[in-house]
Amino acid sequence: MRVLFVTSEVFPLIKTGGLADVSGSLPTALQNLGVDIRILMPGYPAVLDKLSDLQEIASLDNLPVIHHATLMMGTIEDTQVKVMVIKSAQLYERDGGPYSDANGLEWLDNPLRFGTLSKVAAILSGPRSPLADWRPEIVHCNDWQTGLTPAYMKLLEQSQAKSMISLHNMAFQGCYAASWLPTLALPSTHFTQEGFEYHGQLSFLKAGIFYADAITTVSPSYAKEIQTAEFGFGLEGLLSRRGHEIKGILNGIETDEWNPETDQYLIANYSANKLAGKKLVKSALQERLGLKIDADAPLLGVVSRLTHQKGLDMLVPIMQSLINTGCQLALLGGGESELENAFRHLAINNLGSVSVTIGYNEPLSHQIMAGCDMFIMPSRFEPCGLNQLYGLAYGTPPIVNATGGLADSVIDTNIITFKNKTANGFVMSEASPASLLSCIRQALNIFNNDANAWRQIQKNGMLQNLSWDKSALEYLAEYEKLMQ
Ligand code: ADP
């Protein structure tokens, strides 16, 4: 089975969030199942730099605005997964992030940059593909950046391949002025409600949802939630029309990258049955971050984008009272400046108890995950969430809100779940600071007073199989269904 996996970010080549983690792991797991898979992505400078054996394989012509680009192919060294990149100096080779410049301002030509990604994916799946020897049977799209692909495949490229779109986050939709239609060579006859129009704008994500042959989301709960007004971000009507077709498949984690037994960012490794190393990692983390070195002080961890979605504003008003009872906080993240400042203030006022690192830092994210006692993730919505899965694997029980993938992966600790050894974390009863506080207190009560019970909860999470193997089989089953 030949699959073209289209995405705008792939770990370890380039990453802004969970999409990169999924795009780095899922194709590898599918390849291991025998799928002939290739990734297609933009040729950002970091991607061109990091791929091995990068070679030109085709010329891409008749593209909007830039007319011409080069298709290159290389491999990700560790996994040997093939990656095709669109090399265009005009579109992708610039300083800054994949979506915005160094000041955080969105690139104005994003519709063209991701319209081109979508267009090339469609071309490669159709009769005018410049690749004579490799034509995909399935085109697997991811999020809005690839949303126009199914539309181009169906309306313009006469593609015989089947398309699937995976929804990783409905909050980002890629809506742009209708004036982009002629530039992107999209037929205006389909700029309607039954097409890619959304409230007078061109919506990349809606196009994907409307034209794709199959839709998946990254957790079963999120598959249901997005059919409601609260989580559908305006597309709940269209989604519920196709509701019975939407398949939720929980993400896995990359166990080569996220494994406390082998993690190279840690000063000591540990496992479910040999937890001693976790203590060493905790004291090293406390030292590194200027926190008081104290094995008994409950250390709360946060690694997150600091946005409304992630709900960390709920931690701000309750954190001082937790500190007053001896808790520490290690936070790594960045985003909304008001929230960044609120946490900075908390750190300034609580030297030795609170550490706030604003920015992106891969090694520190591993050290926080391993060195902390609990991981705080009170997201208002969470399509899947990876950090809570990392928390489970690292013996850092997650404290989460009951939504999306958090609800599907974290099992609240109560008498029944503790007895049957499924309890692996703590789940809030609603998205509020009071509920977060009471949930953290419940965890603290066990952490402070019952070391054996705490160890059991840690072990329950650490012994779960969180790898991609199971999820990859589910994707494979969806591909097979599509091909029948
Ligand atoms: P989302 O994709 O919505 O941001 P996820 O939990 O699905 O959230 O995935 C976030 C990924 O990004 C995780 O791998 C997490 O460790 C990583 N991450 C988020 N913020 C940072 C940061 N400041 N530094 C390092 N890694 C981060």
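The values are calculated or read from the model by the stated rules, or taken from the named source; none is laboratory data. Note that this is a predicted model, so its numbers are computed, not measured. Don't worry about glycine lacking a Cβ; one is built from the backbone with ideal geometry, like all the others, and counts go over all protein chains shown. Quick note on the areas: whole protein, heavy atoms, side chains included, nothing else; ligands and nucleic acids left out. Shrake-Rupley method; radii C 1.70, N 1.55, O 1.52, S 1.80 Å.
Among the helices (runs of 4 or more DSSP H) lying completely within region 352-463, list those that include at least 1 residues that are among the charged types (D, E, K, R).
Of the helices (runs of 4 or more DSSP H) lying wholly inside region 352-463, those with at least 1 residues that are among the charged types (D, E, K, R) span 362-371, 404-409, 415-419, 433-449, 451-462.
Determine which member of the set LYS82, LYS15, LYS50 is among the basic types (Lys, Arg) and within 19 Å of PRO136 (Cβ to Cβ).
None of the others qualify; the one that does is LYS82.
Residue check, LEU437 against (1) under 22 Å from ASP313 (Cα atoms); (2) open to solvent by 10 Å² or more (accessible area, probe 1.4 Å); (3) free of Cβ contacts under 8 Å to residues at least 40 places away in the same chain, all met but one. Which one?
(3)
Which residue is most open to solvent (accessible area, probe 1.4 Å), if the candidates are limited to region 205-230 and must be part of a loop (DSSP other than H, G, I, E, B) and among the β-branched types (Val, Ile, Thr)?
Only one residue fits best here, namely THR228.
So, in region 67-83, of the ones that are part of a strand (DSSP E or B) and out of contact with any helix residue (DSSP H, G or I) (no Cβ under 8 Å at 6 or more places or on another chain), which residue ends up farthest from ASP256 (Cα to Cα)?
HIS67
Considering (1) farther than 18 Å from GLY391 by Cβ; (2) in contact (Cβ under 8 Å) with a residue 24 or more places away in the chain; (3) assigned to a helix (DSSP H, G or I); (4) open to solvent by 10 Å² or more (accessible area, probe 1.4 Å), say which one LYS292 fails and leave the rest.
The single condition LYS292 does not satisfy is (3).
Every residue, every condition in (1) more than 26 Å from ALA472 (Cα to Cα); (2) within 16 Å of the ligand (Cβ to nearest atom); (3) not in a loop (DSSP other than H, G, I, E, B), yes or no:
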site	(1), (2), (3)
PRO12	no, yes, no
VAL22	no, yes, yes
LEU30	no, no, yes
ARG38	no, no, yes
ASP49	yes, no, yes
VAL65	yes, no, no
PRO111	yes, no, yes
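So that you can scan it fast, the table gives a plain yes or no per residue for (1) closer than 20 Å to THR16 by Cα; (2) in contact with a strand residue (DSSP E or B) (Cβ under 9 Å, 6 or more places away or on another chain); (3) among the charged types (D, E, K, R):
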{"position": "MET84", "(1), (2), (3)": "yes, yes, no"}
{"position": "SER88", "(1), (2), (3)": "no, yes, no"}
{"position": "TYR99", "(1), (2), (3)": "yes, yes, no"}
{"position": "ASN103", "(1), (2), (3)": "yes, no, no"}
{"position": "ILE138", "(1), (2), (3)": "no, yes, no"}
{"position": "TYR152", "(1), (2), (3)": "no, no, no"}
{"position": "MET164", "(1), (2), (3)": "no, yes, no"}
{"position": "MET170", "(1), (2), (3)": "yes, yes, no"}
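Give region 231-282 a look and list any residue that's among the basic types (Lys, Arg), closer than 30 Å to GLY195 by Cβ and not in a strand (DSSP E or B), or say none.
ARG241, ARG242
Are any residues in region 409-425 open to solvent by less than 60 Å² (accessible area, probe 1.4 Å) and not polar (S, T, N, Q), and if so, which ones?
VAL410, ASP412, ALA423, GLY425
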